[in-house]
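The values are calculated or read from the model by the stated rules, or taken from the named source; none is laboratory data. In this text, all values refer to a predicted model and were calculated from it rather than measured experimentally. Because the Cβ atoms are built from the backbone with ideal geometry, glycine has one as well, and the counts that use them run over all protein chains shown.
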Amino acid sequence: MNRILEVCKLSVSFISGNEVVQAVNNVSFDISQGDIFALVGETGCGKSVIAHAVAGLLPDNTVISGEVNYKGQDLLELSQQDLIALRGQEIGIILQNPSRALNPLYTIGHQIREPVLVHTMKTKDRASRMVTATLRKMGFFDPESEAHRYPFESSGGMNQRFVIATSTILSPDLLIADEPTTGLDHSCIADVIKEFERIKKEEHCAMILITHDLTLARTLADRIGVMYSGEIVEMGECKAVFSDTLHPYTRGLIGGLPENGCTPIPGISPPMSRRFPGCRFHPRCTERMPICGQVHPRLEVNGDRFVRCHLCHSH
Ligand code: SF4
């Protein structure tokens, strides 16, 4: 399979006054055409920062190092102008909260056709026909009427599907979905999942799925990276990670699923500004050993997986 994205040793820090706060530390992963790679973890673990780094959407007070190679070109080296040209055309972005992504003053059709008019030479008529075709492909029964609606006339789930239409109308090679189901009710989530399943089957783009929802990741992703406190702690094939979990934090997240009794992980994630020696998870880990508070574990290969845990490393 064609490798679309290769993130190498990505670190991201934010400068706030005299303080430098590291949000992402030395993260590497790759995604091939047709693959969905999910980054999961609790709020504040740095997964959305990675999505924003790949999309070139981080604020000015950011210090970023490493590489984000998209089809061989490092996105971190591109000018804003070149990035804008890629975003919306080759790289589609779906952010949480569709009400912020859609402009209440314009019809849905107007907004879905916008990337076509901005990034291609197509006429308004041709772009409008593409909107209709896209909505029909997504299963809308009467796409012409849908295109004439305003965002306030539709539910949150429906609007998220319109955002997906906007992000995919130009058939991007890479789709970045950041918490695409947050704030939606169960039936809307089911519609959005169905839409992603269709994209996976029919569009064959590579996708980064950022989510705190493990069930969503398990349903959609081929591979998964579990993040804790700015680092990947376990990464591998999604099925394998769920069936034979190696890292205590991943075990904790899976224990929190409803079918496992919603058992919470004790304690809370440390704030980004607080770093201490040893494993970042050790204050909360029920399996910690004396070494865990002293030595920061490396991310190492363990069978079919990458794992950052002294339990899994041979010393
Ligand atoms: Fe737990 Fe130690 Fe593994 Fe960290 S390194 S997850 S504290 S066992």
Show me the helices (runs of 4 or more DSSP H) found entirely inside region 38-128 where at least 2 residues are closer than 30 Å to residue 265 by Cα and touching a strand residue (DSSP E or B) at 6+ places or on another chain (Cβ under 7 Å). 47-55
Would it be correct to say that residue 191 is closer than 27 Å to residue 272 by Cβ, away from the ligand (no atom under 16 Å from the Cβ) and of a type in the set (D, E, K, R)? no
Scan region 1-14 residue by residue and report those that are more than 15 Å from residue 53 (Cβ to Cβ) and part of a strand (DSSP E or B). 3, 4
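Mind telling me which of the residues 284, 218, 305 ends up being of a type in the set (Lys, Arg) and in contact (Cβ under 8 Å) with a residue 40 or more places away in the chain?
305
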Take the residues in region 232-248 that are without any contact (Cβ under 8 Å) to a residue 40 or more places away in the chain and of a type outside the set (Gly, Ala, Ser); name whichever of them is surrounded by the most Cβ atoms within 10 Å (Cβ to Cβ). 245
Restricted to region 300-311 and to residues being crowded, with 18+ Cβ neighbours inside 10 Å and among the hydrophobic types (A, V, I, L, M, F, W, C), the residue farthest from the ligand (Cβ to nearest atom) is 306
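Residues are listed down the side, and each one gets a yes or a no for (1) touching a Lys or Arg at 6+ places or on another chain (Cβ under 9 Å); (2) at pLDDT 95 or above:
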{"position": "215", "(1), (2)": "no, no"}
{"position": "223", "(1), (2)": "no, yes"}
{"position": "226", "(1), (2)": "no, yes"}
{"position": "233", "(1), (2)": "yes, yes"}
{"position": "238", "(1), (2)": "yes, yes"}
{"position": "249", "(1), (2)": "yes, yes"}
{"position": "258", "(1), (2)": "no, no"}
{"position": "268", "(1), (2)": "yes, no"}
{"position": "271", "(1), (2)": "no, no"}
Conditions: (1) away from the ligand (no atom under 11 Å from the Cβ); (2) over 30 Å from residue 16 (Cβ atoms); (3) surrounded by 14 or more Cβ atoms within 10 Å (Cβ to Cβ); (4) not aromatic (Phe, Trp, Tyr). Residue 288 meets all but one. Number of the miss? (1)
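Here is a yes/no grid of residues against (1) of a type in the set (Phe, Trp, Tyr); (2) farther than 25 Å from residue 81 by Cα:
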{"residue": "115", "(1), (2)": "no, no"}
{"residue": "122", "(1), (2)": "no, no"}
{"residue": "132", "(1), (2)": "no, yes"}
{"residue": "152", "(1), (2)": "yes, yes"}
{"residue": "155", "(1), (2)": "no, yes"}
In this structure, is residue 243 more than 12 Å from the ligand (Cβ to nearest atom) and either within 30 Å of residue 16 (Cα to Cα) or among the β-branched types (Val, Ile, Thr) (or both)? no
So residue 92 clears everything in (1) farther than 17 Å from residue 133 by Cβ; (2) crowded, with 17+ Cβ neighbours inside 10 Å except one condition, right? Which one? (1)
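Quick grid of which residues meet (1) among the aliphatic types (A, V, I, L, M); (2) within 16 Å of the ligand (Cβ to nearest atom); (3) on the phi > 0 side of the Ramachandran plot:
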site	(1), (2), (3)
184	yes, no, no
197	no, no, no
206	yes, no, no
223	no, no, no
228	no, yes, no
237	no, no, no
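Grab the strands (runs of 3 or more DSSP E) fully contained in region 174-256, keeping just those with 3 or more residues being out of contact with any Ser or Thr (no Cβ under 9 Å at 6 or more places or on another chain). It would help to see each step written out before you state the result.
On the way: elements: 174-178, 206-211, 223-228, 231-237.
Ranges flagged: 206-211, 223-228, 231-237.
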Is there a residue in region 122-132 that is surrounded by fewer than 22 Cβ atoms within 10 Å (Cβ to Cβ), free of Cβ contacts under 8 Å to residues at least 60 places away in the same chain, under 25 Å from residue 34 (Cβ atoms) and not β-branched (Val, Ile, Thr)? yes
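Filter region 300-313 down to residues that are more than 30 Å from residue 20 (Cα to Cα) and outside any loop (DSSP other than H, G, I, E, B), then give me how many there are.
So the count comes out to 3.
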Residues 277, 297, 271, 266: which one is part of a loop (DSSP other than H, G, I, E, B) and more than 16 Å from the ligand (Cβ to nearest atom)? 271
